[in-house]
Amino acid sequence: MIEFHLDSSSGVPTYAQLVQQVHQALQLGMLEPGDRLPTAVQVVSSLAINPNTVLKAYRDLEREGLVRARPGLGTFVVGQLPRTDPAAQAKFRKSMASWLRSARDAGLTADEIEAIYHTTFRDAFGVEGVA
Amino acid sequence: MSAAIETTGLGKRYGRRWALSDCTLSIPDGRVVGLVGPNGAGKSTLLHLAVGLLAPDAGSISVLGGAPASTPEQLQRVGFLAQESPTYARMTVAQHLRMGQWLNPTWDAEFAASRIDELGLDPAQRSGTLSGGQRAQLALTLAVAKRPELLILDEPVAALDPLARWEFLQTLMTVVATQGVGVVLSSHLIADLERACDYLVVVVGGRVALTGEVDELLASHHRLTGARRDSVRVPADQTVITESHAEKQTTLLVRTDKPIIDPAWTVSSLSLDDLVLAYMRQARGDRPAKNAGLAVAR
């Protein structure tokens with residue numbers, strides 16, 4: 001069983017935060033097929049959020065084929081996400097560190113580097129409708 | 001499905017001043033609806049009209065399809081919590097529950113007793129000596145134990161400290177999840193509304209400035225920032241809600257269901273706070289809305 005938490009300053013809608021946390025738990029192996037998600041009432045009483053928000057998140061996860069609701073029993077994990085490969089993580093962290101160093105050596109400030117990162121990230125993933 | 005609250009041309013006058021005038025709105029049932037607006041927008045007046053504590057001077061109002069407080073059944077269907085959660089200061093917690101049982105044919109004594117127990121309240125304590133948070137919880141317990149179909153709460157958490165506010169909303173949300181009761185609550189605290197409400201109604205000057213599903217409202221509004229443009233043109237599927245111009249920068253708040261593809265704008269999401277403030281300003285007339293495709297000469 002996992003426990004949800006909320007970051008109210010992230011700007012990410014609450015239901016999307018719940019979906020994200022299930023994704024992460026699956027990627028990290030904290031949730032596996034057969035595991036039960038907390039019931040809507042449990043999530044509502046631990047986070048003081050609207051029950052429809054929890055149901056919406058669970059519906060999204062069900063549409064993705066990751067969980068299935070069994071009436072009267074609860075919502076269970078039925079799918080898996082590819083686990084993040086620790087070696088790949090390490091590799092990209094290393095190449096990013098060297099990219100950051102070369103940007104700094106080229107005279108860019110931390111703020112400038114962050115702005116470049118955010119714009120490029122948005123362009124690559126189409127976040128916020130910017131294709 | 002009948003609306004929780006439906007009004008047509010509703011008005012209420014105190015002496016010569018109209019607290020609410022020409023108010024026409026429909027608040028859906030079975031949801032947790034946040035009613036927001038500046039002070040003096042008529043929120044409390046509207047809620048008092050909905051429970052029959054006030055009678056309209058103009059127009060009409062129906063609640064769950066019936067006239068407010070018109071029959072014993074109608075009274076039973078609606079639970080009301082007034083501002084500051086009033087209780088009888090000299091009566092004990094247990095006496096409040098007994099009174100609730102006397103006055104309400106559908107009283108759920110089991111729920112009331114277990115709530116008081118969970119809250120750790122002493123049944124023998126007079127309500128006047130309870131903390132603000134405990135008194136609010138007692139008042140909420142009374143309103144819920146009569147098993148209404150609709151709970152109407154007027155600024156229920158405004159006077160509470162952050163922990164008491166959180167606990168109050170936790171109780172309320174758990175009740176919604178387990179009993180399927182509809183809720184209409186007014187509040188200034190938009191961060192709380194963002195968590196608790198799935199539907200929003202913004203009232204300014206007795207009129208509805210914005211209404212809709214919270215998630216849809218957040219998904220369809222964006223802040224665009226870019227180099228200053230004296231004449232703002234947006235595609236036909238976008239509506240400008242507010243615009244502001246600094247020396248070198250233009251900031252727009254737009255509503256659209258389509259992706260924003262103009263690369264000259266940096267697009268960011270909005271908090272519910274930003275959204276509500278923008279519509280309050282717009283409704284007050286600070287910056288009139290510019291319609292889609294309209295050029296704005298400055």
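General remarks:
- Taken over the range B:15-47, the residue count meeting the criterion of being of a type outside the set (D, E, K, R) and in a loop (DSSP other than H, G, I, E, B) is 9.
- Counting residues in the range A:47-64 that are at pLDDT below 90 and either outside any helix (DSSP H, G or I) or farther than 30 Å from B:Pro162 by Cα (or both) gives zero.
- Test: residue in the range B:272-288 that is surrounded by 19 or more Cβ atoms within 10 Å (Cβ to Cβ), over 19 Å from B:Val201 (Cα atoms), at pLDDT below 90 and within 14 Å of another protein chain (Cβ to nearest Cβ): no
- Count of residues meeting criterion [assigned to a helix (DSSP H, G or I), free of Cβ contacts under 8 Å to residues at least 12 places away in the same chain and not basic (Lys, Arg)] in the range A:103-126: 14
- For the range B:161-186, the candidate set comprises residues that are buried (at least 22 other Cβ atoms within 10 Å of the Cβ) and away from chain A (no Cβ under 13 Å); within that set, the residue that is farthest from B:Lys146 (Cα to Cα) is B:Ser186.
- The residue list A:Ser98, A:Ser46, A:Ser8 contains one member that is in contact with a Pro (Cβ under 8 Å, 6 or more places away or on another chain), among the small types (Gly, Ala, Ser) and free of Cβ contacts under 8 Å to residues at least 60 places away in the same chain, which is A:Ser46.
- Taken over the range B:159-182, the criterion of being touching a strand residue (DSSP E or B) at 6+ places or on another chain (Cβ under 9 Å) and either over 21 Å from A:Thr53 (Cα atoms) or of a type outside the set (Val, Ile, Thr) (or both) is satisfied by B:Leu172, B:Met173, B:Gly182.
- Any hit, the range B:48-57, residues being modelled with pLDDT under 95, part of a loop (DSSP other than H, G, I, E, B) and among the acidic types (Asp, Glu): no
- Within the set B:Ala113, B:Ala94, the sole residue that is surrounded by fewer than 17 Cβ atoms within 10 Å (Cβ to Cβ) and touching a Pro at 6+ places or on another chain (Cβ under 8 Å) turns out to be B:Ala94.
- A:Asp60, sole failed condition from (1) touching a residue at least 24 places away in the same chain (Cβ under 8 Å); (2) among the acidic types (Asp, Glu); (3) away from chain B (no Cβ under 14 Å): (3)
- Residues satisfying the stated conditions in the range B:97-110, i.e. loosely packed, with under 14 Cβ neighbours inside 10 Å and part of a loop (DSSP other than H, G, I, E, B): B:Pro105, B:Thr106
- In the range B:42-61, the residue that is surrounded by the most Cβ atoms within 10 Å (Cβ to Cβ) out of those that are in contact with a helix residue (DSSP H, G or I) (Cβ under 9 Å, 6 or more places away or on another chain) and farther than 22 Å from B:Asn104 by Cα is B:Ile61.
- Residues in the range B:250-269 that are aliphatic (A, V, I, L, M) and more than 9 Å from chain A (Cβ to nearest Cβ): B:Leu252, B:Leu253, B:Val254, B:Ala264.
- Among residues of the range A:27-43, those that are out of contact with any Lys or Arg (no Cβ under 8 Å at 6 or more places or on another chain), at negative phi and either touching a residue at least 40 places away in the same chain (Cβ under 8 Å) or in a loop (DSSP other than H, G, I, E, B) (or both), counted: 9
- Among residues of the range A:65-102, those that are over 21 Å from the mean Cα position of the chain (by Cα) and part of a loop (DSSP other than H, G, I, E, B), counted: 3
- The lone exception for A:Tyr15 - which of (1) more than 9 Å from chain B (Cβ to nearest Cβ); (2) among the hydroxyl-bearing types (Ser, Thr, Tyr); (3) touching a residue at least 40 places away in the same chain (Cβ under 8 Å) it fails: (1)
- Answer residue from the range A:103-122, given it is closer than 21 Å to B:Thr225 by Cβ and among the acidic types (Asp, Glu) and is nearest to the chain's Cα centre (by Cα) among those: A:Glu114
The values are calculated or read from the model by the stated rules, or taken from the named source; none is laboratory data. All of these numbers come straight from a predicted model, not from anything done at the bench. Because the Cβ atoms are built from the backbone with ideal geometry, glycine has one as well, and the counts that use them run over all protein chains shown.
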